[in-house]
1. Mind counting the residues in region 116-138 that are part of a strand (DSSP E or B) and of a type in the set (G, A, S)?
2. If you check D143, D148, D95, which single one turns out to be surrounded by fewer than 17 Cβ atoms within 10 Å (Cβ to Cβ) and either among the hydroxyl-bearing types (S, T, Y) or outside any loop (DSSP other than H, G, I, E, B) (or both)?
3. Could you tell me whether any residue of region 33-54 is surrounded by 22 or more Cβ atoms within 10 Å (Cβ to Cβ) and under 16 Å from T109 (Cβ atoms)?
4. Take region 1-47 and flag every residue that is of a type in the set (G, A, S) and under 16 Å from the mean Cα position of the chain (by Cα).
5. Residues being surrounded by fewer than 16 Cβ atoms within 10 Å (Cβ to Cβ) and either of a type in the set (F, W, Y) or farther than 18 Å from G115 by Cα (or both): count how many of those fall in region 66-76.
6. Name the single residue, out of those in region 78-87 being out of contact with any strand residue (DSSP E or B) (no Cβ under 7 Å at 6 or more places or on another chain) and aliphatic (A, V, I, L, M), that is modelled with the lowest pLDDT.
7. Mind listing whichever residues of region 156-176 are over 14 Å from the mean Cα position of the chain (by Cα), acidic (D, E) and assigned to a helix (DSSP H, G or I)?
8. On the given criteria, is V86 over 22 Å from F12 (Cα atoms), assigned to a loop (DSSP other than H, G, I, E, B) and among the aliphatic types (A, V, I, L, M)?
Amino acid sequence: MERVLVTGVSGFLGSHVARLLLQQGYAVRGSIRSRAKAEVVRQSLQAGGADISRLELVELDLLSDRGWSEAAAGCDFLQHIASPFVLIMPKDKNDLVRPAVEGTRRALTAAIGAGHKRMVLTSSLAAIDCGHRDYRHTFTEADWTELDGPLVTAYAESKTRAEREAWTLVEREGQRDRLAVINPSAILGPLLDDDPGTTAALILRCAKELARFRGWEANAAGDGFLIAFDGPGRAHPLWDEHLSAGTLVGHRHRVETLFP
(Lines give C-alpha, C1' and ligand atoms only; values in the text may rest on other atoms or scores of the structure.)
Protein backbone atom coordinates (compact mmCIF):
# COMPACT_ATOMS: atom_id res chain seq x y z
CA MET A 1 0.00 0.00 0.00
CA GLU A 2 1.39 3.40 -0.96
CA ARG A 3 1.69 5.97 1.79
CA VAL A 4 1.43 9.77 1.46
CA LEU A 5 2.87 12.31 3.87
CA VAL A 6 0.31 15.14 4.06
CA THR A 7 1.44 18.22 5.96
CA GLY A 8 -1.17 20.47 7.52
CA VAL A 9 -3.75 17.70 7.73
CA SER A 10 -5.75 19.56 10.38
CA GLY A 11 -6.34 22.50 8.03
CA PHE A 12 -9.22 23.01 5.64
CA LEU A 13 -7.45 21.92 2.45
CA GLY A 14 -5.22 19.35 4.11
CA SER A 15 -8.19 17.55 5.60
CA HIS A 16 -9.95 17.34 2.23
CA VAL A 17 -6.83 16.01 0.51
CA ALA A 18 -6.30 13.43 3.28
CA ARG A 19 -9.94 12.35 3.03
CA LEU A 20 -9.70 11.81 -0.73
CA LEU A 21 -6.42 9.91 -0.41
CA LEU A 22 -7.87 7.60 2.23
CA GLN A 23 -10.98 7.04 0.13
CA GLN A 24 -8.80 6.09 -2.83
CA GLY A 25 -6.91 3.45 -0.87
CA TYR A 26 -3.74 5.28 0.15
CA ALA A 27 -2.32 5.22 3.65
CA VAL A 28 -1.89 8.75 5.03
CA ARG A 29 0.68 10.04 7.47
CA GLY A 30 -0.61 13.47 8.37
CA SER A 31 1.26 16.21 10.18
CA ILE A 32 -0.30 18.35 12.89
CA ARG A 33 1.20 21.20 14.90
CA SER A 34 -0.07 19.85 18.20
CA ARG A 35 -1.13 16.45 19.48
CA ALA A 36 -4.15 18.20 20.95
CA LYS A 37 -5.64 18.25 17.44
CA ALA A 38 -5.23 14.53 16.79
CA GLU A 39 -8.64 13.31 17.93
CA VAL A 40 -10.48 16.12 16.14
CA VAL A 41 -8.68 15.23 12.90
CA ARG A 42 -9.55 11.54 13.24
CA GLN A 43 -13.19 12.25 14.02
CA SER A 44 -13.64 14.76 11.19
CA LEU A 45 -12.07 12.48 8.57
CA GLN A 46 -14.11 9.52 9.72
CA ALA A 47 -17.29 11.62 9.63
CA GLY A 48 -16.29 12.64 6.10
CA GLY A 49 -16.33 9.02 4.96
CA ALA A 50 -12.64 8.12 5.26
CA ASP A 51 -11.25 4.86 6.63
CA ILE A 52 -9.02 6.15 9.41
CA SER A 53 -7.46 2.74 10.05
CA ARG A 54 -4.89 3.82 7.44
CA LEU A 55 -4.34 7.23 9.05
CA GLU A 56 -1.27 8.02 11.15
CA LEU A 57 -0.64 11.41 12.74
CA VAL A 58 2.75 12.96 13.54
CA GLU A 59 3.69 16.28 15.09
CA LEU A 60 5.79 18.59 12.90
CA ASP A 61 6.79 22.25 13.15
CA LEU A 62 7.59 24.26 10.02
CA LEU A 63 10.29 26.11 11.96
CA SER A 64 12.00 23.07 13.49
CA ASP A 65 14.09 20.28 11.97
CA ARG A 66 12.75 17.79 14.49
CA GLY A 67 10.88 14.82 13.06
CA TRP A 68 10.89 15.61 9.34
CA SER A 69 13.18 12.79 8.20
CA GLU A 70 11.31 10.28 10.34
CA ALA A 71 7.95 11.49 9.02
CA ALA A 72 9.05 11.17 5.39
CA ALA A 73 10.63 7.74 5.85
CA GLY A 74 8.48 4.92 4.52
CA CYS A 75 6.26 7.26 2.47
CA ASP A 76 5.97 7.18 -1.31
CA PHE A 77 4.58 10.66 -1.91
CA LEU A 78 4.52 14.11 -0.32
CA GLN A 79 1.61 16.55 -0.25
CA HIS A 80 3.07 19.67 1.37
CA ILE A 81 0.09 21.84 2.26
CA ALA A 82 1.01 23.35 5.63
CA SER A 83 1.70 27.09 5.46
CA PRO A 84 0.38 30.05 7.45
CA PHE A 85 -2.75 31.62 5.94
CA VAL A 86 -4.40 34.65 7.54
CA LEU A 87 -6.80 37.39 6.51
CA ILE A 88 -5.19 40.14 8.59
CA MET A 89 -1.56 40.60 7.63
CA PRO A 90 1.00 40.64 10.46
CA LYS A 91 3.14 43.68 11.25
CA ASP A 92 6.24 41.60 10.58
CA LYS A 93 5.99 39.86 7.21
CA ASN A 94 8.46 37.22 8.38
CA ASP A 95 5.76 35.80 10.62
CA LEU A 96 4.41 34.36 7.36
CA VAL A 97 7.47 34.26 5.11
CA ARG A 98 9.79 32.32 7.43
CA PRO A 99 7.52 29.33 8.16
CA ALA A 100 6.38 29.17 4.53
CA VAL A 101 9.90 29.10 3.10
CA GLU A 102 11.58 27.06 5.83
CA GLY A 103 8.69 24.58 6.00
CA THR A 104 8.86 24.04 2.26
CA ARG A 105 12.61 23.49 2.45
CA ARG A 106 12.26 20.98 5.29
CA ALA A 107 9.40 19.08 3.67
CA LEU A 108 11.05 18.73 0.25
CA THR A 109 14.47 17.93 1.68
CA ALA A 110 12.96 15.16 3.78
CA ALA A 111 10.96 13.81 0.84
CA ILE A 112 13.99 13.77 -1.46
CA GLY A 113 16.05 12.06 1.23
CA ALA A 114 13.37 9.41 1.64
CA GLY A 115 13.15 8.80 -2.11
CA HIS A 116 9.58 9.93 -2.63
CA LYS A 117 8.26 9.24 -6.12
CA ARG A 118 6.37 12.53 -6.27
CA MET A 119 6.20 15.75 -4.31
CA VAL A 120 3.22 18.09 -4.57
CA LEU A 121 3.54 21.61 -3.17
CA THR A 122 0.59 23.84 -2.39
CA SER A 123 1.50 27.28 -3.66
CA SER A 124 -1.10 29.90 -4.59
CA LEU A 125 -2.34 32.09 -7.37
CA ALA A 126 -0.86 34.81 -5.14
CA ALA A 127 2.58 33.61 -6.23
CA ILE A 128 1.64 34.42 -9.84
CA ASP A 129 -0.69 37.39 -10.15
CA CYS A 130 0.29 39.99 -7.55
CA GLY A 131 2.35 43.15 -7.88
CA HIS A 132 2.13 43.47 -11.66
CA ARG A 133 1.74 46.87 -13.25
CA ASP A 134 0.28 45.43 -16.45
CA TYR A 135 -2.49 42.81 -16.37
CA ARG A 136 -3.25 42.82 -20.07
CA HIS A 137 -2.21 39.22 -20.70
CA THR A 138 -3.15 35.72 -19.59
CA PHE A 139 -1.13 34.65 -16.58
CA THR A 140 0.38 31.15 -16.52
CA GLU A 141 2.87 29.16 -14.47
CA ALA A 142 5.61 31.10 -16.28
CA ASP A 143 4.60 34.28 -14.43
CA TRP A 144 5.73 35.25 -10.95
CA THR A 145 4.41 37.81 -8.50
CA GLU A 146 6.57 40.93 -8.58
CA LEU A 147 7.57 41.35 -4.96
CA ASP A 148 8.56 44.99 -5.43
CA GLY A 149 5.23 45.79 -7.09
CA PRO A 150 2.18 47.51 -5.59
CA LEU A 151 -0.12 45.91 -3.01
CA VAL A 152 1.92 42.75 -2.45
CA THR A 153 0.90 41.33 0.93
CA ALA A 154 3.01 39.31 3.34
CA TYR A 155 0.95 36.27 2.35
CA ALA A 156 1.66 36.75 -1.37
CA GLU A 157 5.33 37.16 -0.61
CA SER A 158 5.37 34.05 1.57
CA LYS A 159 3.84 31.88 -1.16
CA THR A 160 6.07 33.37 -3.86
CA ARG A 161 9.28 32.88 -1.91
CA ALA A 162 8.25 29.38 -0.80
CA GLU A 163 7.53 28.24 -4.34
CA ARG A 164 10.77 29.74 -5.66
CA GLU A 165 12.61 27.94 -2.86
CA ALA A 166 10.98 24.67 -3.92
CA TRP A 167 12.02 24.98 -7.57
CA THR A 168 15.54 26.05 -6.60
CA LEU A 169 15.90 23.08 -4.26
CA VAL A 170 14.71 20.41 -6.73
CA GLU A 171 16.81 21.91 -9.52
CA ARG A 172 19.88 21.75 -7.29
CA GLU A 173 19.14 18.14 -6.34
CA GLY A 174 18.31 17.07 -9.90
CA GLN A 175 14.73 16.23 -8.86
CA ARG A 176 12.70 18.72 -10.90
CA ASP A 177 10.55 16.05 -12.56
CA ARG A 178 9.40 14.81 -9.16
CA LEU A 179 7.87 18.13 -8.14
CA ALA A 180 4.41 19.40 -9.05
CA VAL A 181 3.13 22.74 -7.78
CA ILE A 182 -0.55 23.61 -7.38
CA ASN A 183 -1.49 27.31 -7.60
CA PRO A 184 -5.12 27.52 -6.45
CA SER A 185 -7.15 30.65 -6.01
CA ALA A 186 -9.70 30.82 -3.15
CA ILE A 187 -10.74 27.30 -2.11
CA LEU A 188 -14.30 27.02 -0.86
CA GLY A 189 -16.45 24.11 0.20
CA PRO A 190 -17.87 22.05 3.07
CA LEU A 191 -16.16 22.10 6.45
CA LEU A 192 -15.08 18.75 7.84
CA ASP A 193 -14.93 19.96 11.46
CA ASP A 194 -16.18 22.75 13.71
CA ASP A 195 -13.29 25.13 13.02
CA PRO A 196 -14.34 27.69 10.40
CA GLY A 197 -10.73 28.70 9.81
CA THR A 198 -9.58 31.33 7.35
CA THR A 199 -11.63 30.08 4.41
CA ALA A 200 -15.01 30.31 6.13
CA ALA A 201 -14.05 33.73 7.47
CA LEU A 202 -13.29 34.76 3.90
CA ILE A 203 -16.70 33.49 2.77
CA LEU A 204 -18.43 35.52 5.45
CA ARG A 205 -16.53 38.69 4.61
CA CYS A 206 -17.14 38.37 0.88
CA ALA A 207 -20.78 37.39 1.29
CA LYS A 208 -21.45 40.35 3.53
CA GLU A 209 -19.96 42.66 0.95
CA LEU A 210 -21.80 40.85 -1.86
CA ALA A 211 -18.49 40.41 -3.63
CA ARG A 212 -17.78 38.39 -6.75
CA PHE A 213 -14.47 36.61 -7.03
CA ARG A 214 -12.91 33.53 -8.52
CA GLY A 215 -12.79 30.39 -6.41
CA TRP A 216 -12.20 26.66 -6.49
CA GLU A 217 -14.52 24.17 -4.77
CA ALA A 218 -12.73 22.06 -2.17
CA ASN A 219 -13.70 18.65 -3.53
CA ALA A 220 -12.62 19.59 -7.05
CA ALA A 221 -9.43 21.11 -5.68
CA GLY A 222 -8.66 17.87 -3.87
CA ASP A 223 -9.01 15.98 -7.15
CA GLY A 224 -6.55 18.42 -8.68
CA PHE A 225 -4.04 17.68 -5.95
CA LEU A 226 -4.29 13.95 -6.69
CA ILE A 227 -3.90 14.58 -10.44
CA ALA A 228 -0.64 16.34 -9.62
CA PHE A 229 0.86 12.96 -8.72
CA ASP A 230 1.14 12.35 -12.48
CA GLY A 231 2.96 14.16 -15.28
CA PRO A 232 6.23 16.10 -15.52
CA GLY A 233 7.49 18.66 -13.01
CA ARG A 234 5.38 21.78 -13.48
CA ALA A 235 3.02 24.21 -11.79
CA HIS A 236 -0.74 23.77 -11.96
CA PRO A 237 -2.82 26.97 -11.59
CA LEU A 238 -6.38 26.17 -10.49
CA TRP A 239 -9.38 28.43 -10.88
CA ASP A 240 -13.10 28.21 -11.50
CA GLU A 241 -15.71 30.44 -13.08
CA HIS A 242 -16.91 33.48 -11.17
CA LEU A 243 -18.92 32.60 -8.09
CA SER A 244 -22.09 34.62 -7.87
CA ALA A 245 -22.99 36.81 -4.92
CA GLY A 246 -26.04 34.59 -4.43
CA THR A 247 -23.85 31.53 -4.03
CA LEU A 248 -21.71 33.34 -1.47
CA VAL A 249 -24.78 34.46 0.45
CA GLY A 250 -25.89 30.84 0.57
CA HIS A 251 -22.54 29.91 2.08
CA ARG A 252 -22.87 32.81 4.49
CA HIS A 253 -26.20 31.57 5.89
CA ARG A 254 -24.81 28.08 6.34
CA VAL A 255 -21.66 29.30 8.10
CA GLU A 256 -23.53 31.76 10.31
CA THR A 257 -25.88 28.96 11.40
CA LEU A 258 -22.89 26.90 12.50
CA PHE A 259 -20.85 29.80 13.86
CA PRO A 260 -23.23 32.58 15.00
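The values are calculated or read from the model by the stated rules, or taken from the named source; none is laboratory data. This one's a predicted model, so the numbers in the text were calculated from it and none came from an experiment. Cβ placement follows ideal geometry from the backbone for every residue including glycine, while neighbour counts extend to all protein chains displayed.
1. Restricting attention to region 116-138, the residues satisfying the condition of being part of a strand (DSSP E or B) are 118-122.
Subset that is of a type in the set (G, A, S): none.
Adding up the residues that qualify gives 0.
2. Details: D143 fails: either among the hydroxyl-bearing types (S, T, Y) or outside any loop (DSSP other than H, G, I, E, B) (or both); D148 fails: either among the hydroxyl-bearing types (S, T, Y) or outside any loop (DSSP other than H, G, I, E, B) (or both).
Answer to the selection: D95.
3. no
4. Going residue by residue through region 1-47, those that are of a type in the set (G, A, S) are 8, 10-11, 14-15, 18, 25, 27, 30-31, 34, 36, 38, 44, 47.
Once the filter is applied, which keeps residues that are of a type in the set (G, A, S) and under 16 Å from the mean Cα position of the chain (by Cα), region 1-47 yields G8, S10, G11, G14, S15, A18, G30, S31.
5. Step one: filter region 66-76 for residues surrounded by fewer than 16 Cβ atoms within 10 Å (Cβ to Cβ), giving 66-67, 69-70, 73-74.
Within this subset, residues satisfying the condition of being either of a type in the set (F, W, Y) or farther than 18 Å from G115 by Cα (or both) are 66.
Number of matching residues: 1.
6. Step by step, filter region 78-87, then rank; the result is L87.
7. The answer is E157, E165, E171.
8. Details: over 22 Å from F12 (Cα atoms): no; assigned to a loop (DSSP other than H, G, I, E, B): yes; among the aliphatic types (A, V, I, L, M): yes.
No: the conditions fail for V86.
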